Structure formats: structure tokens, C-alpha cells
Amino acid sequence: VSVERAPVPEEIVSRLRLTCLDLPEAREEAAWTGTRWLVRKKTFAHVLMIAGGWPPAYAKAAASDGPLCVLTFRSARPALDAPRFRRPPFFRPPWFPDIVGTSLGGDTDWYEVASLLTRSYCLLAPKKLAALVDLEHE
Amino acid sequence: VGERGFPPMVGQHLAPRYGFSSDRLPVARTRVGEGIALLAEALGPGPYYFGDRLTALDVYSAAAVNILDPLPDEQCPIMPPIRHAFESMKSQLAVPPALVEHRARMYERHLELPIVT
């Protein structure tokens, strides 16, 4: 399989890391492409680069052959159904019913990204851990 | 069976063999989705499910993805009505890219294309 696999800019990984690893028992690991953050065995954030139309499923979902840095996370209803998640910079990949993607770049609202990732974490984390986040952020 | 499924003759042959019941469809779809998600989560940075170690799970996974996301005819010839049945599942069950990439790696390194019987 001949593909171009561009790395995610380190400054973006670092910014996401600050939010993700601040969450209880969250851990980071290299994903099949890019970097992902997990709680227990569930991925609540995944950042990767689309370049040269690869990975094709992401390129199709984000409507871009790249180069484009994208982040996927999980969201719950009713927020999941918000129209803005279907407009750039957001997109809705089809492979999980509750997955949302967003492109990351110069216009990114990093406060909103942090909030979305925290919610994604709370959605997937055991209740005991999610409750700790509520206590910390309220 | 029918417009989005197997041709009626094939469906009527398969349904009793696999205990098909229309009232089980919602649960079955959910279970398949959960299984796919579980597999996608299990793929880490290594090339295989267990890191650098190739196991039967890798082969089974690649084969299973072929049902959910059929390879093109030049790589995997399928009778058109049967292909239609498999392809029609795509609208309801999209395969996570991690699994598709894993399949590509499996065929690149360990399995043969085209798939012929």
C-alpha cells in the first residue's frame, strides 16, 4: 500500500495533550495513524493528518484530500444533532453513530476543542471517572 | 432479502440456516456495530491486533471486513446480485478506517489478491 503519511504537527499534538492527559486515567498512544487518547480501552480523541487523499475514508468525510489536520471525538445527543457539526470545520464521519470530526488550524477555537474533548471523555469514561471531571470543571 | 439484500432465492436459502428473524434485526445491527467498534479500538500502533505478532484474529478480521466493505471486482470477483447485497450494507454499517487499513496491510503482506475460489 503506497501512501503518504504526513505527521501531525507537534504543536497541535502538544495542545491536545494538555487537555487530554489532564483527564483522570487518560493515556496517549500512537494510533494506526496519528495519535489517540484513551480512557480505559476507549478512544475519546484521535488526531491525524489527511494528505494526498489518505486515509480515504477521512478524506471523504472531511471533503478534503489534505493536507489537513483533523480531530475526531465523541458526542452525545442532543449536541450531536446540532447543525453546526455538519458544517466546516466540523464533519460527521459515518463509521460510528456518535463520532464527530473537526479540522484543526489557525482559526481553531482551542477552548471549544478542550470542552468537546472533555465531554467526549465523560461520554466514554466509567461513571466514577467522569464524575471526577464534573467536580474539577464546575 | 429483496431490494437491499440478497436475491429472494438466496435469502430464502440462507435465512433458516442462520436463524434469521426480522424482529432480531435492530439488536443484530447494534451487536455488529459494537463488534466493529471493539475491533477498531483494539488496533493500536502496531501492524496487527497484538502489536508485531500476526495471529488468526488478523486473518479473520481482514476476511470479515471483506463482507462489510467488499473489495472491487478485480480484486474479489462477486456475482452482481450478491455484491449488491453486501454493498447495500454500507449505508447502514460503515467500516472504521482503521479496519480497512488493517485489511490492506494483511493483503499486502500475507494474503493473496485477487481472491478466487
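Here is how the numbers come out for the structure above:
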| quantity | calculated |
| --- | --- |
| Estimated 222 nm signal from helices in chain A, with DSSP H stretches of n ≥ 4 weighted -39500 (n - 2.57), rounded to 500 | -9500 deg cm²/dmol |
| Rounded to whole Hz, the Karplus (6.51, -1.76, 1.60) HN-Hα couplings of the range B:38-43, x for glycine and proline | 4, 5, 4, 5, 6, 7 |
| Calculated FRET efficiency for the pair residue A:87/residue A:14, C-beta based, R₀ 22 Å, to 0.05 | 0.20 |
| Overall form of chain B per C-alpha gyration tensor (a/c, 1.5; a/b vs b/c) | oblate |
| Cα-based reach from residue B:90 at 29 Å (exclusive), listing lysines while leaving out same-chain residues under 8 positions away | A:41, A:42, A:60 |
| Dimensions (Å) - the range A:1-107, Cα atoms, principal axes, largest first | 37, 30, 28 |
| In sequence order, calculated HN-Hα J values of the range B:107-117 (Karplus, 6.51, -1.76, 1.60; Hz; x Gly/Pro) | 6, 5, 9, 10, 10, 9, 10, x, 7, 9, 9 |
| Reduced Cα scattering model of the protein assembly as shown, Debye log10 I(q)/I(0), q = 0.15, 0.16, 0.17 Å⁻¹ | -1.17, -1.29, -1.41 |
| HN-Hα J in Hz across the range A:87-99 - Karplus 6.51, -1.76, 1.60, θ = phi - 60°, x for Gly and Pro | 10, x, x, 8, 7, 10, x, x, 7, 10, x, 10, 8 |
| Degrees between helix A:110-124 axis and first principal axis of chain A (Cα, 0 to 90, nearest 10) | 70 |
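Bear in mind these aren't lab numbers, they're just calculated from the coordinates by the rules spelled out. Please read all numbers here as calculations on a predicted model, not as lab measurements. Neighbour counts are summed over all protein chains in view; Cβ atoms, including those assigned to glycine, are modelled from backbone coordinates with ideal geometry.
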